[in-house]
Amino acid sequence: MKEREFNEAVSRLIREARMRAGMTQEYVGRRAGLSRGSITNIESGTQTPPLYRLALIAAAVNVDPSDLLPRLQLDEASGLAARHAADVAAVWAQASKRMDAGGEG
């Protein structure tokens, strides 16, 4: 997966999670400490959130940060910048630990 495709998938997952939660962009922005414009830009793919903002958005829409990241096979991660691949791997490792421990965070 190329970085552009990855970012588009993240944008889509954020938008879908927000809509499932029945929240407006403005409400999510307030909860995450971001502007509505930032949420709009993130959801449209013109702005890619760093990992800490992704975690804030996940908390705002009441999902695990891993829910906002596409699942990647090892060979797909090679198309991402090393820092992105490492961030994704770290989030999925934490999610896996929680699932192994019975879903507790």
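Among the residues of the range 37-62, which ones are crowded, with 18+ Cβ neighbours inside 10 Å, more than 9 Å from the chain's Cα centre (by Cα) and not in a helix (DSSP H, G or I)? Passing the criteria: only V61. The condition of being modelled with pLDDT of 70 or more and among the hydroxyl-bearing types (S, T, Y) holds for only one of S78, S66, S96, that being S66. Return yes or no: is G29 modelled with pLDDT of 95 or more, small (G, A, S) and loosely packed, with under 15 Cβ neighbours inside 10 Å? Against the criterion (modelled with pLDDT of 95 or more, small (G, A, S) and loosely packed, with under 15 Cβ neighbours inside 10 Å), G29 does not qualify.
Considering only residues that are over 18 Å from N62 (Cβ atoms) and in a helix (DSSP H, G or I), which ones fall in the range 13-36? Passing the criteria: only R36. Would you please name the residue that is surrounded by the fewest Cβ atoms within 10 Å (Cβ to Cβ), looking only at residues in the range 6-26 that are more than 11 Å from the chain's Cα centre (by Cα) and of a type in the set (A, V, I, L, M, F, W, C)? Per the criteria, the residue is M19.
The values are calculated or read from the model by the stated rules, or taken from the named source; none is laboratory data. In this text the structure is predicted, and so the values were computed from the model without any measurement. In this analysis, Cβ positions are derived from the backbone assuming ideal geometry, glycine residues included, and neighbour counts consider all displayed protein chains.
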